[in-house]
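Written out below as structure tokens is the structure these notes cover.
The values are calculated or read from the model by the stated rules, or taken from the named source; none is laboratory data. Given the structure is predicted, the values throughout are model-derived calculations rather than measurements. Counting neighbours? That spans all protein chains shown, and the Cβs are built from the backbone with ideal geometry, glycine included. The protein model used for the area step is the full one, side chains on, heavy atoms only, and it has no ligands, DNA or RNA in it. Shrake-Rupley method; radii C 1.70, N 1.55, O 1.52, S 1.80 Å.
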Amino acid sequence: MSRLSSSAVLRATVIGAGVAGLTTALALAERGLAVDVVERNAGLGPGSCSWHAGGMLAPWCEMASTEAIVGRLGVQSIAWWRERFPGTVSEGTLVVAPARDLVELNRFARRTEGYHWLDEAGIVALEPDLADRFRKGLYFPDEAHLDPRLALAALVERLASLGVAIRFETDVLPEAATGDLVFDCRGLSGRTDMPALRGVRGEMAVIRSRSFALSRPVRLLHPRLPLYVVPRGQGVFMLGATMLESEARGPVSVRSMLELLGAAFALHPALGEAEILELAADLRPALPDNLPRVERAGRVIRVNGLFRHGFLLAPVLAQIAAGAALDPHFDTELRHANIA
């Protein structure tokens with residue numbers, strides 16, 4: 001959609017400076033709206049679940065465990081991130097499983113697409129440090145990943161270049177926000193207006209290894225606790241996988257971290273010598289079907305329910321939200337059928 005003329009500038013307030021809020025603000029600013037972003041936290045940081053995300057842009061891998069619509073929408077986001085965040089790494093994703101769990105690898109393959117089968121030599125050609133570890137793997141060459149914290153900072157910088165500032169430590173409810181349009185991107189806090197939202201607890205670790213390297217995210221399939229390891233550069237890795245149907249906040253549990261670090265050790269024993277830099281837990285906002293939703297009520301457009309797909313789906317949802325605001329013929333199917 002083309003930018004609005006100066007005589008028809010609309011003012012929009014975006015509530016929330018997580019990845020959903022920042023991408024929505026950028027979609028609006030790029031269309032010529034005057035945008036104001038408000039965030040209740042003191043700055044970018046652990047107050048937002050986006051801060052603890054894995055940053056995997058892996059639509060084909062996600063299709064193995066969620067609805068196909070997540071993959072179809074997520075594919076569109078990869079090009080968006082490449083254009084706007086130079087730190088996007090386009091090295092694909094590698095999926096492996098121990099020999100005893102090859103049935104899990106076959107099951108994963110049946111549920112998705114966009115991959116090549118690799119033998120042991122093919123795995124080693126991609127990731128030399130996985131030599132002698134796995135006999136078979138799946139390589140998804142068109143997937144990508146990014147560092148969420150660097151990406152959020154880049155979005156803030158890009159917004160600033162378009163004249164959009166963020167007012168931190170500002171807690172505003174949608175009905176009290178100023179502007180012609182209000183975009184509610186508050187995540188779990190938004191369930192005051194979307195009562196079906198629930199929190200799904202996720203726990204993560206950041207580690208540093210001085211003797212192990214990866215060039216791309218690696219997913220280790222396991223019937224009990226699948227693991228993903230995302231390289232951050234300079235020997236730093238983010239470990240994740242836990243998904244608990246719990247809204248308990250607080251530090252990472254001993255059990256979860258034992259399982260997570262044990263799975264990392266199963267990927268490669270060298271990770272047993274890694275340093276633990278950070279442990280964290282947060283709640284992902286999810287709707288009953290685990291699919292996101294964009295809906296409009298008067299001047300308020302709600303963008304929520306991104307679940308574990310925040311960085312993968314936020315750019316596309318932002319475009320849908322902008323369409324909901326600016327197109328008088330906005331397709332109601334997007335509001336009532338979870339974008340499907």
Query raised in the report: If all Cα-Cα distances of region 73-196 are sorted into 5 Å bins from 0 onward, what percent lands in each bin, rounded to whole numbers?
Result: 2, 8, 12, 13, 13, 13, 11, 8, 8, 7, 4, 1, 0
Report task. Express the carbon and sulfur contribution to the solvent-accessible surface of the chain as a percent, rounded to the nearest whole number, probe 1.4 angstrom. Result -> 52
Report task. Using the Kirkwood radius over Cα pairs, work out the Stokes-Einstein diffusion coefficient for region 187-322 at 10 °C and 1.306 mPa s, in µm²/s as a whole number. Result -> 97
**Report entry** Spatial extent of region 204-246: Rg and Dmax, with the Cα atoms as the point set, Å
**Finding:** 11.4, 36
Query raised in the report: Where the convex hull is taken over the Cα atoms of region 163-221, what is its projected area averaged over directions, in nm²?
Result: 8.9
Query raised in the report: Out of Ala20, Ala266, Leu221, whose Cα points farthest toward the positive end of the dipole of the chain (charges: +1 Lys, Arg; -1 Asp, Glu; placed on Cβ)?
Result: Ala20
**Report entry** Amide H partners (placed H, <5 Å) of Val37, local residues excluded
**Finding:** Val14, Ala165, Arg167
Query raised in the report: What whole number of Å gives the distance from the Cα centroid of region 138-176 to the Cα centroid of region 43-85?
Result: 12
Query raised in the report: Roughly how many whole Å is it from the C-alpha centroid of region 305-324 to that of region 271-296?
Result: 16
Report task. Would you list the P(r) distribution for the chain, with all Cα-Cα distances sorted into 10 Å bins from 0 and each bin expressed as a whole %? Result -> 6, 26, 34, 22, 10, 3, 0
**Report entry** Estimated vicinal HN-Hα couplings, Hz - region 239-256 in sequence order (Karplus 6.51, -1.76, 1.60; Gly, Pro = x)
**Finding:** 10, x, 2, 5, 9, 10, 6, 8, 9, 6, 8, x, x, 5, 7, 4, 4, 4
**Report entry** Percent RCO, i.e. relative contact order, over region 75-192, from Cα pairs under 8 Å lying at least 6 residues apart
**Finding:** 29
Query raised in the report: Gaussian network model of the chain, Cα springs within a sub-10 Å range: biggest mean-square fluctuation belongs to which of Ala270, Ala321, Ala297?
Result: Ala297
Query - Å² of accessible area per residue within region 168-227, as computed with a 1.4 Å probe and no ligands counted - result: 42
Requested in this report: With an 8 Å cut-off on Cα pairs and a minimum separation of 6 or more residues, tell me the relative contact order of the chain in percent.
Outcome: 23
**Report entry** Helix 148-161 axis, angle to the chain major axis (alpha carbon atoms, nearest 10°)
**Finding:** 30
Query raised in the report: Among residues other than Glu143 whose Cβ falls under 11 Å from its Cβ, what is the net charge (Lys/Arg +1, Asp/Glu -1)?
Result: -1
Query raised in the report: What residue among Val200, Val103, Val218 shows peak mean-square fluctuation when the chain is described by a Gaussian network model with Cα springs under 10 Å?
Result: Val103
Requested in this report: Give the Rg (one decimal place) followed by the Dmax (whole number) of region 1-153, computed from C-alpha coordinates and expressed in Å.
Outcome: 19.6, 66
